[in-house]
Amino acid sequence: MCGIVGAVSERDVQGILLEGLRRLEYRGYDSAGMAVINGESSLRRAREVGKVAALADAISANPLSGHLGIAHTRWATHGEPSQLNAHPHMSGERLAIVHNGIIENYQELRDELKTEGYVFTSQTDTEVVAHLIGKNYQQEGNLYNAVKTSITRLRGAFALAVVHADEPDHLVVCREGSPLVVGVGIGENFIASDQLALLPVTDRFMFLEEGDIADIRKDQIKIHDRDGQAVERTITRFEHGSDSADKGEYRHFMLKEIYEQPRVIKATMEGRITETRVLEQALGTSAANLLENVRHVQIIACGTSYHAGMVARYWIEDLAGVPCSVEVASEFRYRKHVIQPDTLFLCISQSGETADTLAALRQAKKAGFRAALAICNVPGSSLVRESDLVIMTQAGPEIGVASTKAFTTQLTALLIFTLALARHNGLSEQKEAEIVQAIHLLPGQVSDVLALDAEIEAMSKAFMDKNHSLFLGRGSQYPVAMEGALKLKEISYIHAEAYPAGELKHGPLALVDSEMPVVTVAPNNDLVEKLKSNLEEVRARGGELFVFADRAADVKPEEGIHVMQLPSVHEITAPIVYTVPLQLLSYHVAVLKGTDVDQPRNLAKSVTVE
Ligand code: F6R
């Protein structure tokens, strides 16, 4: 969603803010803006529709130098993308604010402020907050108190950063439901919605808790919690290299992140498995206790993370023999559910800030689940902080909006978790060793698939002028087909649907003709012969098939059947390996179509609003 960044420093903050916005642009990118205070004399603002580059051009023509500033990159919720709706929003000429999240009671507050004479220039919920703080500032004469009083009136989710030209030495920030991190510098301090924005200036971060309000000066950070108590928040160091937010030699972040998979899958397994065993302790000291009596697993996630959960269901039921349900968070949170005894609640999220997933977790904690486990990629995120047990994926920052390495590392972590759970449910040592050995082979197998890149690129040409496509898989490959279809639609804008191959003749077969490419993942498992029959059904209707198949599966290329042979892999780890060619296929189709691969239209990386 939107991204915010702020800085107070001895040096000019304009460059820091602009670089922060560039790094946050993956979150939202329909407009961007910045407000900078230069001494007590002035607060100046620039806002542009489009990408951060447009703002950078405007600022280079008309610099906004100063030692205190806030900036924002927007993903529209209230009001179209336009200069007037872009942040920062102001109340009068001296107060400016940036906001992430949604103010649910904004209409009521807007009506109230209008009757008091406040004039609105935008359609946003944020401008309402600006005027509310502006009004309270007039009464309190102090920015910190004005923010504190104002937020008691807000319903919804927000992270705010506020500055006032009469108080040019600090910014006031707060969070309730949207992420906010303080970057700790030397003689300068920063804030942002994501630590990634601040990596060029610091690697030390404090994560604000829900309800925190903070006064940030260049040499001092004061935080109070929701009850007004002064609190210290632990400083953590960022662990990944600060160049993670650079594309390096790659044309797009997405391609870089696809290629990082052998390394990050290895990082995710490291320290958690020996040659033959899962180290349960490495999942947390309470893991053994929590897993001992789990009788049911409820998985909750959104999008790509949901697909990871769908794969995990096959593993959990197959290896641990524990019933497992999987549901998208936005559905789960709005229905009555029956909680089976001793259910483990498992949330999967790359960002750890997805609003629906967090809302489901918060409900679950009240509803009496046995414990909450999170599989997450962002240390310090809300999901991590609010769960009983956490398995961090080690994907490093994922910048491309289309999730790639987060998915395969989620699967790696989920498989390790499954083995730990299965051990409590009678999985033999021999079977555990067999699968752990297969996990060790993953980095090499993924590298082997990456070596097919040029062939996959050649294959992608067949999709360029198509409007629709079908993805087929069976068993644990069905969610892989779903993930492949999601990747293709989100970055190439080609309509793609996934079906379990056995469902084909129950309806979708009617769509098949020469204009409907059919992509199939076919590892060598018990279902491969059945899958081959499904392929015949497609071929008989003139459909063109693109099959990613195990060498040993013996799928023969012929007229209308393009076969790409993949290395032989263990049936259990196959979903991880078979995801990779589908990522590459989507990537190359999108590049050929000339779409904005890393920032596809209408999407945002971290969906922190409902
Ligand atoms: C698709 C994609 C999204 C996310 C979804 C959940 O490529 O990235 O579908 O997977 O928005 O996000 P997280 O995992 O951050 O909860």
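The values are calculated or read from the model by the stated rules, or taken from the named source; none is laboratory data. As the structure is a prediction and not an experimental result, all values here were calculated from the model. For neighbour counting, all protein chains shown are included, and Cβ atoms are generated from backbone atoms with ideal geometry for every residue, glycine included. What goes into the accessible areas is simple: the full protein's heavy atoms, side chains included, and nothing from ligands, DNA or RNA. Shrake-Rupley method; radii C 1.70, N 1.55, O 1.52, S 1.80 Å.
If you look at the Cα atoms of region 493-543, you get an Rg and a Dmax of 11.0, 34 Å.
Extension gain, GLU503 to ALA540: 0.36 nm times the residue separation minus the Cα-Cα distance gives 11.7 nm.
Among 285-295, 127-137, the peptide with the highest mean count of other Cβ atoms within 10 Å heads the list, and the full ranking is 127-137, 285-295.
Using r as the Cβ-Cβ distance of ASP342 and GLU529, and R0 as 41 Å, what FRET efficiency do you calculate, to the nearest 0.05? That pair, ASP342 with GLU529, gives E of 0.60.
Scaled against 2.2 N^0.38 Å for its residue count N, the alpha carbon radius of gyration of region 474-610 is 1.08. Here's the picture: a label point sits 7 Å out from the Cα of GLU429 along the beta-carbon direction, and within region 271-310 the residues with their amide nitrogen under 16 Å of it are 274-280. Once both labels are positioned 7 Å from their Cα atoms along Cα-to-Cβ, the gap between ASP596 and SER41 label points is 3.6 nm. The distance linking region 29-94 with region 400-450 is 45 Å (Cα centroid to Cα centroid, whole angstrom).
Backbone N atoms of region 329-367 closer than 20 Å to the 7 Å Cα→Cβ label point of SER286 belong to residues 340-349, 352-353, 358-367.
Would you mind telling me the share, in percent, of accessible area of region 556-603 contributed by carbon and sulfur at probe 1.4 angstrom? C and S fraction of accessible area: 47 percent. Summarised in one figure, the compactness ratio Rg/Rh of region 246-427, Cα atoms and Kirkwood Rh, is 0.96. Heavy-atom accessible surface of the chain, averaged per residue, reaches 37 Å², computed with a 1.4 Å probe. Scoring 31-38, 200-207 by mean Cβ neighbours within 10 Å over their residues and listing the highest first yields 31-38, 200-207. With the simple spin-label model, which puts each label point 7 Å out from Cα in the Cβ direction, the THR115 to GLN138 separation comes to 1.6 nm. Could you tell me whether region 3-237 comes out rounded, prolate or oblate from its Cα gyration tensor? Rule is a ≥ b ≥ c as square roots of the eigenvalues, rounded for a/c under 1.5, then prolate if a/b exceeds b/c, otherwise oblate. In terms of gyration-tensor shape, rounded. Within the accessible area of region 246-427, what % is carbon and sulfur when the probe is 1.4 Å and the other protein chains stay in place? Of all accessible area on region 246-427, carbon and sulfur atoms account for 49 percent.
Between ILE186 and ARG226, the distance separating the two model label sites (each 7 Å from Cα on the Cα→Cβ line) works out to 3.8 nm. Under the shape rule built on the C-alpha gyration tensor, where the axes satisfy a ≥ b ≥ c, region 428-491 is oblate, since a/c reaches at least 1.5 while a/b does not exceed b/c. Between the C-alpha center of region 350-384 and that of region 535-565 there is a gap of 41 Å. Scoring 506-513, 265-272, 118-125, 378-385 by mean Cβ neighbours within 10 Å over their residues and listing the highest first yields 378-385, 265-272, 118-125, 506-513. Extent of the chain along its three principal axes (Cα atoms, max minus min coordinate, largest first): 76, 54, 43 Å. Fully extending the segment from ALA552 to ARG204, taken as 0.36 nm per residue of separation minus the present Cα-Cα distance, adds 120.2 nm.
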